[in-house]
Every structure is written in C-alpha cells, then in structure tokens.
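What follows is a set of notes on a single structure, which appears directly below.
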Amino acid sequence: MATQSAQQLSANRMRLFKDRFARYGVTAGGVMVLVALLLIFFYLLYVVQPIFESVSLKKVNSFNLPESGQVEAVGMEEQAEIGYRFLRSGELQFFSLIDKNDRRSGDILLSETFVEPKNVSSFAKTLPVNHQYAYGLESGEAVVVEPKFSVTFPETAATAATDKVERVITPRFEVKNDGQPLVVDENGRALEKLSYETDGDGMLFAAAVENSTLLITHFVAEENFMTGAVTLTPNYTEIPLNTAIDDIVVTPDLRQVIARRGNRVHVFDISISGNVTERELLPMRTRELGNATGMYLLAGASSVLLTHDTGKVSQWFEVPGDDGRQYQYIRSFDAGSPITEIEVEYYRRTFYTLSENGDMNIFHTTAEADLYRGKPAEAEVQAVMVDPRANYLLMKTAEGYGLYDVDNEHPEVSWSGLWQEVWYEGYPEPDYTWQSTSGSDDFESKFSLVPISFGTIKAAAYAMLFAVPIGLAAAVYTAYFMSPSVRRYVKPTVEIMEALPTVILGFLAGLWLAPLVEAYLPGFVAVLLLVPLAIILMAALWSQLPTQIKSKVNDGRAALLLIPVVLAVGWFSFEISPWVEQVMFDGDARRFITNELGVTFDQRNSLVVGIAMGFAVIPTIFSIAEDAVFSVPKHLSNGSLALGATPWQTLTKVVLLTASPGIFSAVMMGLGRAVGETMIVLMATGNTPIMDWNIFEGMRTLSANIAVEMPESEVGSSHYRILFLAAFVLFIFTFFFNTIAEFVRQRLRDKYSSM
C-alpha cells in the first residue's frame, strides 16, 4: 500500500513537472515570437528612417583665392578635391579644395586665359551635366571651354611599401572647335546675352544682339566618312523682338530656345533642318506670383524655373493637350525674399536659391519640399555650386570660399510623394505612379506607394471573392452534413493542398491558366453561371424522387452525386465556348471587350490571380472553419433538433452562431495569406502598378514589388529604403487585419459563449 502511494506521488510530481515545463515553454515561445515581431518592426523603421531626415550642412574648410575680377562661374570635380572658376577676364583657374600632399586648399593648380578681357561681352554655361562654358565676344564670336580631369593611380616607392595606391587627379581643359572661336553672328555684332547648349555633336547658341534682336545659331556636325573629319556648319536665324531681352535658355536636345522679356516668355522650336518657329507665349500669373526676374532650366531640361520679385519660384513644363504639348504652370516655392541666383543639381530635381536677405534655400520640385532654409556661412553667400554627386557644396562669400559637406541623400522622398497625387514632368495631370528605374539620366524616379498598395488589396479581394464562398461552404458541409467515413478522406485531402508550393501554382497560372482563360473566356463565364444552376436543378430533381430511392443514398454521401454533374457542366461550358464566342462576339471575345466595351484586357489579369490565389487560400479557410463547425458541442445541435428544428434551422441558428468566432478567424487568416502572397501574383500578373478594379487587368502588389526590385536596388539608395517602407506597410497591413480579426473574434466568442 505504501509502495503504491509512493508511485502515485512520484507520478503526480512528474505530471506536475511536465505541466509546468509545457506552460513555461509555451509562454517562452510566445514571448520569443513577440520579440521577433518587435525586432522586425524596429529594423524596418531603422532602415526607413533616413529617408525622412532633414538636410544638414557641415563645413569642411575655408580658403581664399587671389582677387582677379568678376567671377562668372564656379565648379568642381566629382571627388570634391579640385575646383575651378571662370573669370570675366577670360581666365580659367583650377584650385585645390582640400589639403593633400604638398598642396593646400586655395592653391592655384592651373591657370589659362583664352580671350582678351576687353573682347568679352557675355558668358554662358550649359546645364551642369554637359559641363561646358562659353565666352561671348564683341566680335560676334564665342569660345567654348570644357574643364576636364584625369584620374591616375601611380605606384611609387611609398605606395608600394604600404600597399596603398593613391588617387591623383590632374586638371586640364579643352577648347572646342580645335581652339578656334565659333562665329555666332556672321555680321560681327557683340553678343550681349548668351545661352549655349550641346548634344555632344551639334551646338546651339542663342544670343541677344543690338539689345532686342534674338540671334539663334545652330551648328550642325557633319562627319566626312572618308577622312573622319568633323565640320560644324552654322545655320543663322534672327528674330526681332520689340523690347530688350532679359534671359535666354537653350535645351540640351537643341530643340527649343526660350527667351524672356520682362513678364513675356517666348518659346521657339528648332527643327532638325534648323528652321525656327515661335510656338507659344507662356501665360504668366503676375497677380499670383509677381513679376518675373530670372529664368533657369531644371535638371533634365524638361522644366523651366522662373523667379519672381515676390521671392517665389514657379515651375513650368510641357503638358500634352488637345493643341499638342504646351508649357503650363505646375507649382511654386516661396524663398521669402527676392532671389538673386539659382543653382540646379546635375541629375536630381533639386535646386538651391540665394536670396537678397542672405538666406540659402534648398527645394525639390516633385516632392514639393522645402529641404533647407538658413544662412550656412558667416558672410552673405554670393554664389553656390554643387558637385556632380550632390555631396559637397562650394560657396563663394565676400570673405572667400567655403566647402561644405551636404547630407541630402533622399530629397525626392516626401509624404505627399508617397501617398498623394503628384504631377510629374510630361504627365497630363497629377497621378499616382510607381516607376523606379529607367534607361536615361534625365528620368525622374516615381515612388508612389498607392498603386502597389491598391494592387495588394485588389489581388486579395478577388482571391477572397473566389475562396470564401467555396471554402466556407465546403467546411460547413464537411463538418455538419458529410458522413464520417467520407469526411476522413475529404478533410486530409483538402488540407494537403495547402502544402502545394505557391511557386507551382504561380507557374501553372501564368503559363497554363492565363492562356486558357483568354482562349475560353465565354466558357469560364458559363461555368460560373451554369454550375450553380445545375446544382440547384439537381437538388430540385432529387427532392422529387420517391422516398425509397432517396433512402438508398445516405444523406452524408448525397453530395458525391454532384461530382459528375459539375464535371459534365464544366465540359459542356468549354465545348460551347467557341460557338458562343462566334455568335455573340464575332469570333473574338477579347477584341469585343477591348474595342466595343472599351475595357482593357491583359492575358495575365485579376481573374487568373483570383482563381490561382483563391485555390491557394481555400485550404486555410476550409481547415480552420471546418474545425470550428465540427467543434460545436453536440448537445447544442441535438437539443435544437429535439425541440423540432430542422437540420438547416439548427445549422443557421445554432451551429454557425456558435462557430462564428472560428469562421471569422478562418476568413481573416485567409485574407492575411492573400495579402502576403508573393509568387502567384509575381508570375500570374503583368506586374503593372495601375489603379483599376477591372478584372481583366493585372496589378502589382507590395510583396511582388519587393521581390522584383530588391535585387536591383542600390543598398542605401532611396529606392532601397522605399522598398523597406513597402515591407513596413505590408507588415502594418497584416498587423491591422489580425488585430481587427482578434477583436471581432473575441466579441463573437463573448456573445455566443453562453449558448
């Protein structure tokens, strides 16, 4: 007896130990899951946070240069080691920006004079990306100079000993046209205002002569295919204007010249043959913006920036319309004080303004962002220049020159650009657009998360539209009506479908289902209409059969009789599809939908995604919902039946209400699976980031967008961090849906727990 008691005590202690171990193990596992989710959450925030940081300037050094007269332009090479300046006297000076080896910042490294100071009448520079400068002369000629830099890595005894190769940058220059001046005005008049651009071969000069005459000279490059020699053939055009010309700009494609006379801005088109025609006059908004005081081109040369005496900067670019492409006012920026100078970046839509009150502002046009405002230098800033990589800023003040480190990695990212409509250059109207890459330097990245977020919701909605009715109906029938012997086979078979890799489903959907839907579209529509009708008709016929016949088939097995009916109706639908298409749609349903109904039809569309992803989601919904219905206590249903309720009344009034928390959880779990699905939407859609509920068009989802573009993105770039932001949005989506699901499920449980 004592031995038996000791054994029971030992068994109870072991059971207690196992219970405690299981409890602590489950608790530790749950805590670890929460910690993992929090780590993911904060890591995503850590990667995303830099794109919303403000611009900061940090002074690197300052130096003085010899006073040599008026400075026309300042620049530097991309490593920010050597700078240069063009003087009014016709001299180009290269100087050191940093202390390196035996040179100090401010040391003159190379100096060259190209023209006599007394002959200089004007000065022009191209957009920063073309990196050329032109002196206009009293004789009607122009000298074009391009600063250049040679980078070498010489190996010396010192570098060989340390195994470190030092970079050496050597300044040089090139005078175009073999060092000879270009005749811009064949009549030899002084070039009073000058603008110049090149496309690599040809050159286009626009100058004001005799104060109010616009002279356009187009140099066309012609190569002798025998000798390879290139000659520049000029084409001269004079356009008399009524008043003095204030500003002239030329686009780098050599197709437009824009001239400003006060508040009148003229746009001239240049044809390939060199003919000049005046196209339009910009509709100025003087009441809203003030009088125009200056004109500049933004990077990419698609936008014109006009400064106004109110301190505002207005942006204009061409917009397609009924009368062709015309310049239109888009947006404005307020610098707070009249602007004296604008400097644009090489590749981004960022520009720097200098105001009369001494402030320097940094704006980004597309993001409509005021990135910086203040006085970075102790003295008033007279000129600024940004390096090609936009990492350094060279400032000229009354006290000398200063080099500043600029932390402005992500100016194009703003809350409005991510979630609101943005008017991009060349677009007819503001729109939500995702287009992260292109093949040209003048391309402007478009990072709206709205289309891909919409695509995620669209894909999930169509998948749930397909999966929820089938999954829930199958779960209810399997758990409540089906005989146990059949249920033992049906439930595991459906659940094992969940183990099918989604990449296989996506592969089949893209390469097999999508062409099948396109070829037999009327057949698919017929299946959706005829199968429910056939089932209802079969049920009606079954109810009219004699009782002795119906009694031979167990109620739990009666649904098996519908399998041949569904297969026969499906076969019939596809067989009549070509006939229906020929009779109703003139032999081509896709062309009828596109041309007659005006509905875009893509082969890989939302219908394909809904079927394929719905097929992947059905096992999740079925398994959880079936367990919920099957777990309803039998005494509830038996009591309802005993009180005279029919099986259908018992199902709708008792069983489904009791199982509603589990059924709702099943639907929300399926929705979470659909929202996070990647491979099916990646392979079964066109991955087009559009916003349209059209079932015959595709979409791009957050998860598919991350999978497609993450391998191509540069680590640390705006594109890279916005993809992490997309992952964060996807995380928030699933968190939101799960939170709502848990809240509703708990309310339903509390409401029906007393049954």
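The values are calculated or read from the model by the stated rules, or taken from the named source; none is laboratory data. All values reported here derive from a predicted model rather than from experimental measurement. We place every Cβ from the backbone using ideal geometry, glycine too, and count neighbours over all the protein chains shown.
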Could you tell me which numbered condition residue 337 fails, if it satisfies all but one of (1) touching a residue at least 60 places away in the same chain (Cβ under 8 Å); (2) touching a strand residue (DSSP E or B) at 6+ places or on another chain (Cβ under 7 Å)?
(1)
Could you tell me whether residue 646 is surrounded by fewer than 16 Cβ atoms within 10 Å (Cβ to Cβ), among the hydroxyl-bearing types (Ser, Thr, Tyr) and under 30 Å from residue 502 (Cα atoms)?
no
Working only within the range 19-71, note down all residues that are among the acidic types (Asp, Glu), farther than 30 Å from residue 147 by Cβ and more than 36 Å from the chain's Cα centre (by Cα).
19
Near pairs, Cβ below 8 angstrom, 6+ apart or cross-chain, from the range 93-111 (in a loop (DSSP other than H, G, I, E, B)) to any residue that is of a type in the set (Val, Ile, Thr) and surrounded by 13 or more Cβ atoms within 10 Å (Cβ to Cβ)
97/82; 98/60; 105/98
With the checklist (1) exposed (fewer than 15 other Cβ atoms within 10 Å of the Cβ); (2) in contact with a helix residue (DSSP H, G or I) (Cβ under 8 Å, 6 or more places away or on another chain) in hand, flag the one item residue 630 doesn't pass.
(1)
Does the range 346-353 contain at least one residue that is farther than 30 Å from residue 725 by Cβ and more than 26 Å from the chain's Cα centre (by Cα)?
no
Would you check if residue 323 is in contact with a Gly (Cβ under 9 Å, 6 or more places away or on another chain) and of a type in the set (Asp, Glu)?
no
Name the single residue, out of those in the range 702-728 being of a type in the set (Val, Ile, Thr) and surrounded by fewer than 17 Cβ atoms within 10 Å (Cβ to Cβ), that is nearest to residue 689 (Cα to Cα).
708
Could you tell me which of the residues 629, 608 is of a type in the set (Val, Ile, Thr), closer than 24 Å to residue 666 by Cα and over 32 Å from the mean Cα position of the chain (by Cα)?
629
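Inside the range 451-463, can you point out the residues that are of a type in the set (A, V, I, L, M, F, W, C) and either in contact with a helix residue (DSSP H, G or I) (Cβ under 6 Å, 6 or more places away or on another chain) or within 20 Å of residue 633 (Cα to Cα) (or both)?
Residues satisfying the conditions are 452, 459, 460, 463.
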Taking only the range 325-373 into account, find how many residues are closer than 17 Å to residue 396 by Cβ and either small (Gly, Ala, Ser) or assigned to a loop (DSSP other than H, G, I, E, B) (or both).
4
Keeping to the range 127-143, report how many residues are surrounded by fewer than 21 Cβ atoms within 10 Å (Cβ to Cβ) and under 41 Å from the mean Cα position of the chain (by Cα).
5
Can you tell which of 195, 212 is touching a residue at least 60 places away in the same chain (Cβ under 8 Å) and touching a Leu at 6+ places or on another chain (Cβ under 9 Å)?
195
Quick check: anything in the range 341-356 surrounded by fewer than 17 Cβ atoms within 10 Å (Cβ to Cβ) and closer than 20 Å to residue 127 by Cα?
yes
Among the strands (runs of 3 or more DSSP E) confined wholly to the range 151-217, which include 3 or more residues that are modelled with pLDDT under 90?
168-175
Output the number of the condition that residue 567 fails; it satisfies all remaining conditions of (1) surrounded by fewer than 20 Cβ atoms within 10 Å (Cβ to Cβ); (2) farther than 29 Å from residue 690 by Cα; (3) in contact with a helix residue (DSSP H, G or I) (Cβ under 9 Å, 6 or more places away or on another chain).
(3)
Could you tell me whether the range 495-513 includes any residue that is surrounded by 13 or more Cβ atoms within 10 Å (Cβ to Cβ), in a loop (DSSP other than H, G, I, E, B) and either among the small types (Gly, Ala, Ser) or in contact with a Ser or Thr (Cβ under 7 Å, 6 or more places away or on another chain) (or both)?
no
Based on what the data block shows, is residue 74 within 30 Å of residue 733 (Cα to Cα) and either surrounded by 10 or more Cβ atoms within 10 Å (Cβ to Cβ) or over 41 Å from the mean Cα position of the chain (by Cα) (or both)?
no
With the condition being in contact with a His (Cβ under 9 Å, 6 or more places away or on another chain) and buried (at least 21 other Cβ atoms within 10 Å of the Cβ), I'd like the strands (runs of 3 or more DSSP E) fully within the range 230-324 carrying at least 2 qualifying residues.
256-261
Residue 407: free of Cβ contacts under 8 Å to residues at least 40 places away in the same chain and in contact with a strand residue (DSSP E or B) (Cβ under 7 Å, 6 or more places away or on another chain), yes or no?
no
Going by the conditions given, is residue 669 surrounded by fewer than 20 Cβ atoms within 10 Å (Cβ to Cβ), in contact (Cβ under 8 Å) with a residue 24 or more places away in the chain and closer than 21 Å to residue 469 by Cβ?
yes
